[in-house]
């Protein structure tokens, strides 16, 4: 593959690489925040908890637990492993840029959320030579969205994949970077492609002319 064909692909972490759906559901049930027969995604759990008295604080506390102590139970989105192995094989650079504070505001255990995320990635072979071979130096945690956008610009990426439209739609998002939305809920025309599955992103990004 020639250098001109190689891509520099940036990927968000939370809810783009890592899925917390099962962790949020089990933790919410264990805390009595939703019924034992409740089913649904992280968003469904969040919406149900926010309807409770003191719901917003309950939701924030649950997030502090899941993103810290509970992260070991989170899973990689289906299809991501194949995408990352394909990037490694074909010589594309993958970097991770995440808006993630060091500590959750409502986490009494004070777990370092960045260390927890790195540990999760390490356990799943993100940095291993025989795994995805992503450089540890290519993982960037930023304290604000503005800093995240500044990092995306500085890294001179060709593409960036995120689950949040507010990131991709931000006026400060670098216009030279091609935007991709990872979402199961995109049901309206957008000025950039949206995909519900990583297999679809792989096909569009690595098989097509982009």
Quick check: is even one residue across segment 80-87 in a loop (DSSP other than H, G, I, E, B) and either without any contact (Cβ under 8 Å) to a residue 60 or more places away in the chain or within 29 Å of residue 129 (Cα to Cα) (or both)? no
Condition first: surrounded by 14 or more Cβ atoms within 10 Å (Cβ to Cβ) and either assigned to a helix (DSSP H, G or I) or in contact with a helix residue (DSSP H, G or I) (Cβ under 7 Å, 6 or more places away or on another chain) (or both). Now tell me which residues in segment 171-181 satisfy that. 173, 174, 177, 179, 180, 181
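Yes/no per residue for (1) in the same structural domain as residue 176 (by TED's automatic domain parsing); (2) touching a strand residue (DSSP E or B) at 6+ places or on another chain (Cβ under 8 Å); (3) over 13 Å from residue 11 (Cα atoms):
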position: 101; (1), (2), (3): yes, no, yes
position: 105; (1), (2), (3): yes, no, yes
position: 130; (1), (2), (3): yes, no, yes
position: 138; (1), (2), (3): yes, yes, no
position: 144; (1), (2), (3): yes, yes, yes
position: 151; (1), (2), (3): yes, yes, no
position: 157; (1), (2), (3): yes, yes, no
Taking the condition of being surrounded by 19 or more Cβ atoms within 10 Å (Cβ to Cβ) and without any contact (Cβ under 8 Å) to a residue 40 or more places away in the chain, how many residues in segment 150-170 meet it? 1
Restricting to segment 120-137, name every residue that is in a helix (DSSP H, G or I) and more than 15 Å from the chain's Cα centre (by Cα). 122, 123, 136, 137
Quick check on segment 67-93: of everything there that is farther than 30 Å from residue 30 by Cβ and crowded, with 20+ Cβ neighbours inside 10 Å, which residue is farthest from the chain's Cα centre (by Cα)? 92
Only one of 70, 32 is over 29 Å from residue 7 (Cα atoms) and assigned to a loop (DSSP other than H, G, I, E, B); which? 32
Residue ID - farthest from residue 178 (Cα to Cα), chosen from residues in segment 1-10 that are out of contact with any helix residue (DSSP H, G or I) (no Cβ under 9 Å at 6 or more places or on another chain) and either crowded, with 19+ Cβ neighbours inside 10 Å or at pLDDT below 95 (or both): 2
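The values are calculated or read from the model by the stated rules, or taken from the named source; none is laboratory data. Small disclaimer: the values here were computed from a predicted structure and weren't measured. Because the Cβ atoms are built from the backbone with ideal geometry, glycine has one as well, and the counts that use them run over all protein chains shown.
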